[in-house]
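Below is one structure, written out as structure tokens; comments come after it.
The values are calculated or read from the model by the stated rules, or taken from the named source; none is laboratory data. Model, not experiment: these values are computed from the prediction. Positions of Cβ are generated from backbone atoms using ideal geometry, with glycine treated the same way; all protein chains shown enter the neighbour counts. Keep in mind that these areas ignore ligands, DNA and RNA; they rest on the heavy atoms of the full protein, side chains included. Shrake-Rupley method; radii C 1.70, N 1.55, O 1.52, S 1.80 Å.
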Amino acid sequence: MILAAFAATLLWQPAGLARTSTTTETMLAEYRHTLVPFRAHVSHFHIVEGSVTVDATAYALGSDYRVDAVLDGSTYAFGRFEGVRWRRTPAGVVRLIESDVQGDALDRWPSAIFGFDQNACSATGETHVDGALQWVLFCRAPADAPHWFYVDAASGSIVREISREGAHVVTYVFSKDGWTVDGFGGLATVTSDDADRPVATGDLAIPDSRTNVFAIPAGGPLQIPADFDSQDLTVPVSIDGHPTRFIVDTGTTQTLIDAGTAGRFGLHTSLGHTIAAEVRVGGATARGLPMQAVDIFDGTFAGILGNEFFVGHIVHIDYRNGRIDFLDRATFVPPSNAIGMIASFREGMPIVEAEANDTIGERFALDTGSQAILLNDPFGDRAGARTGAGLPFKATFLEGPEVHRAGIKALRFGPAYFDHPGILEVQPVGYNLDIPLDGILGNDVLKHFEWWYDYDGERLWLRPSTKVNAP
């Protein structure tokens, strides 16, 4: 279940902007006058939102940075190193990301603090606040969410930043001591101070990722009880002794729990985060598992097992025989008749190449939490997808992007050829999050195969389990 859909055409901007005759070059030139040419410092931040407090330490060196944020005694880390952005959970799982795709309040830090791609900016307007002229730059780097930076024309400093990701709008207002942030709940106040100590490259390097979150008992393999009867692939889960069922979802980059379910199970939640002391899935156990607590379709589902469920072992999903297995990576040998495929797992989900109407898309997500085939509207246009009759409707993702029914002549994926498959095409309405994908292959495609996923080795194998046409 992709928590985000696709990069969308911009149809929204902050209210109150007037047209401007000031050029992009002038705005950026004035802003650059306020920058220190080479940043190398450590800063401490204290964040207060209602009764919740977070203490964070930020290391900055040039355009690289790392932030360690302590929430309820657990450390969440994120940063940018040599142009690569990353996130690390308290369980030690690291994701390399194009943009923050989780709608995560704890990860929302202003880009103005750590630097942004000025080449992706253009003048979009101006406004007056208390009589002072503020220029507004619209910036959107490839694969990133849109940002608006308000530059004080007199000083060249950024005094406000607004970002939008999905349906979430976050506003930062800066002062000499820190900033306020409004969005994802209540108003938070951030104060900061700089520490007098040097920063080394090692302070900023991407940490190694832990890969044994759900451990296999000695002697594996381990079969996980699973239900393939409905559209959603579910397994029994015990959260601190409370039995429930979670969706198994290759398209989710971390483990989620419904916020209402978390409350009923007695889990303490801060800023949309919680940690379960013990999570059991069949005979596999994870201890101290961090989860994001969100509203999952008004409690329709208790939770979603994402990336942490798949790392550390081979996950075998057999649709035909209705079973899921954890297999030891060290001893796994793929079946001789299984077909290996190149895949990228760096963003926490399998991303592969597929072809629609002879148009190749290099970024299709394999998503066991989705049912349909979806195409990003720009890719669908390139592939010549035909829009069907009927009005757009909300897709059943957490962000609910608008989609419309469409059709293509053929979809080619791996060893399979699907003739005139029905698809859904995402409308460019500006309400979707920004995983930069060409499309999604859900269970309508995946159910025709038997799968072996190796997240750690960035490999996967598949074997047709039903009759599929040859390419």
Search result, residues across segment 168-189 that are in contact with a strand residue (DSSP E or B) (Cβ under 6 Å, 6 or more places away or on another chain), closer than 18 Å to residue 157 by Cα and not charged (D, E, K, R): 171, 172, 173, 174, 178, 179, 180, 181
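Using the structure shown, decide if residue 141 is surrounded by fewer than 14 Cβ atoms within 10 Å (Cβ to Cβ), free of Cβ contacts under 8 Å to residues at least 40 places away in the same chain and in a loop (DSSP other than H, G, I, E, B).
no
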Which numbered condition residue 202 misses (of (1) touching a residue at least 12 places away in the same chain (Cβ under 8 Å); (2) surrounded by fewer than 20 Cβ atoms within 10 Å (Cβ to Cβ)): (1)
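Residues are listed down the side, and each one gets a yes or a no for (1) touching a Cys at 6+ places or on another chain (Cβ under 7 Å); (2) part of a strand (DSSP E or B); (3) in contact (Cβ under 8 Å) with a residue 60 or more places away in the chain; (4) within 29 Å of residue 452 (Cα to Cα):
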position	(1), (2), (3), (4)
232	no, no, yes, yes
238	no, yes, no, yes
245	no, yes, no, yes
251	no, no, yes, yes
254	no, no, yes, yes
257	no, yes, no, yes
260	no, no, no, no
287	no, yes, no, yes
317	no, yes, yes, yes
Among (1) surrounded by fewer than 21 Cβ atoms within 10 Å (Cβ to Cβ); (2) in contact with a helix residue (DSSP H, G or I) (Cβ under 9 Å, 6 or more places away or on another chain), the one test that residue 285 misses: (2)
Test: residue 48 is open to solvent by 30 Å² or more (accessible area, probe 1.4 Å), assigned to a strand (DSSP E or B) and out of contact with any Leu (no Cβ under 9 Å at 6 or more places or on another chain): yes
Any hit, segment 290-309, residues being charged (D, E, K, R), open to solvent by 10 Å² or more (accessible area, probe 1.4 Å), at negative phi and in contact with an Asp or Glu (Cβ under 6 Å, 6 or more places away or on another chain): no
Counted residues, segment 51-71 - those being within 23 Å of the chain's Cα centre (by Cα) and outside any strand (DSSP E or B): 1
Only listed residue being out of contact with any Phe, Trp or Tyr (no Cβ under 8 Å at 6 or more places or on another chain) and modelled with pLDDT under 90, chosen from 430, 422: 422
Condition met for residue 83 (modelled with pLDDT under 95 and open to solvent by less than 60 Å² (accessible area, probe 1.4 Å)): no
Residue match in segment 122-140 (condition: at pLDDT 90 or above and of a type in the set (Asp, Glu)): yes
Any chance residue 330 is exposed (fewer than 15 other Cβ atoms within 10 Å of the Cβ) and within 23 Å of residue 220 (Cα to Cα): yes
Residue ID - modelled with the lowest pLDDT, chosen from residues in segment 364-403 that are open to solvent by 60 Å² or more (accessible area, probe 1.4 Å) and charged (D, E, K, R): 394
Verdict on residue 248 being in contact with a strand residue (DSSP E or B) (Cβ under 7 Å, 6 or more places away or on another chain), at pLDDT 95 or above and under 20 Å from residue 443 (Cα atoms): yes
Scan of segment 168-207 for residues that are at pLDDT below 85, outside any loop (DSSP other than H, G, I, E, B) and farther than 20 Å from residue 14 by Cα, ordered by number: 194, 195, 201
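So which residues in segment 11-45 are assigned to a loop (DSSP other than H, G, I, E, B), basic (Lys, Arg) and more than 24 Å from residue 206 (Cα to Cα)?
Answer for segment 11-45, where residues must be assigned to a loop (DSSP other than H, G, I, E, B), basic (Lys, Arg) and more than 24 Å from residue 206 (Cα to Cα): just 19.
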Selection count where residues are open to solvent by less than 50 Å² (accessible area, probe 1.4 Å) and either at pLDDT 95 or above or not hydrophobic (A, V, I, L, M, F, W, C) (or both), scope segment 57-66: 6
Count of segment 347-385 residues which are over 18 Å from the mean Cα position of the chain (by Cα) and in a loop (DSSP other than H, G, I, E, B): 6
